[in-house]
Amino acid sequence: MPQDPLGTRSPDVNPYSMAQAITAGLLFLSPVYSAADSALIIQVENDAHIPGGILSQAEVLTQQIFHDAGVQTRWTGPGIENACRSAMLGVRILSSSSTLREAPDALGVAVVSDRPENSWLADIFYGAIAQRVVTRSETVVLLANVIAHEVGHLLLGPNHSVGQLMRGEWVNRGLNSPAKLSPLRFDRGEARQLLDAASTRLNTCIPRDPNQKAP
Ligand SMILES: [Zn+2]
């Protein structure tokens with residue numbers, strides 16, 4: 001397991017079995033989006049019951065972070081299916097702190113597969129985020145950055161960089177962390193990789209397995 005304060009599971013994790021266990025039943029009998037969508041669909045499950053508009057504001061910020069990197073995203077709640085499994089990513093917001101024994105301070109974890117198209121699920125530990133913020137604004141910004149970081153892992157893989165958003169340690173800077181003051185950015189190289197990964201997922205359109213209820 002690599003050291004990752006934000007949490008990235010090693011490729012030997014079987015994301016499918018875990019993901020199925022988490023989302024099975026949530027997507028059943030849901031409307032279907034067109035396979036021709038030009039945006040990645042990010043399906044957010046708010047298990048933490050985040051109040052008011054905090055989550056929606058964070059989603060807007062996260063969408064803007066990806067937009068600035070050239071990648072279009074569409075954010076939805078549970079209940080949306082897409083004919084292309086590869087074009088959907090899942091974000092589950094948990095009320096707990098880290099559940100990772102090897103990374104107890106993690107704010108999130110992306111389940112990264114050695115097959116990129118199978119990396120589609122990230123967990124966000126809202127309990128840990130809430131412990132590091134005071135104001136609503138800080139909550140929105142930190143939540144947005146954590147979501148963007150973990151979704152970034154789903155598209156870029158498990159490695160960190162020396163840039164802003166995909167650093168491994170910014171979350172551990174406590175009260176002085178820039179991650180709760182303003183949205184962070186992907187660097188240029190990451191933006192190119194993101195665009196390639198998004199294009200591949202959208203263009204190859206790996207169809208859903210009709211026997212699976214998860215994306
Ligand atoms: Zn990370």
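All of the numbers you see were taken from the coordinates with simple rules; none came from a lab. Predicted model, so just to flag it, every value in this text is computed and none were measured. No Cβ is skipped: glycine too gets one built from the backbone with ideal geometry, and neighbour counts run over all protein chains shown.
Descriptive notes on the structure:
- Taking GluC sites (Glu not before Pro) across the stretch 130-203, the ones in a DSSP loop with at most 16 further Cβ atoms lying within 10 angstrom of their Cβ are GLU169.
- Proximity of backbone amide H atoms, modeled 1.01 Å from N, is registered between LEU121 and GLY90, VAL111 at under 5 Å, excluding neighbours fewer than 5 places apart on the same chain.
- Dipole in debye (nearest 20) - the stretch 40-170, about Cα centre, beta carbon charges: Lys, Arg +1; Asp, Glu -1: 100 debye
- For trypsin sites (Lys or Arg not before Pro), the sites in the stretch 74-137 that DSSP calls loop and that have at most 16 other Cβ atoms within 10 Å are ARG101.
- Along the stretch 96-105 the Karplus relation, 6.51 cos²θ - 1.76 cosθ + 1.60 evaluated at θ = phi - 60°, assigns HN-Hα couplings of 7, 7, 4, 9, 8, 4, 7, 9, x, 9 Hz to successive residues, with x for each Gly and Pro.
- Relative exposure of HIS149, HIS49, HIS160, judged by other C-beta atoms within 10 Å (fewest first): HIS49, HIS160, HIS149
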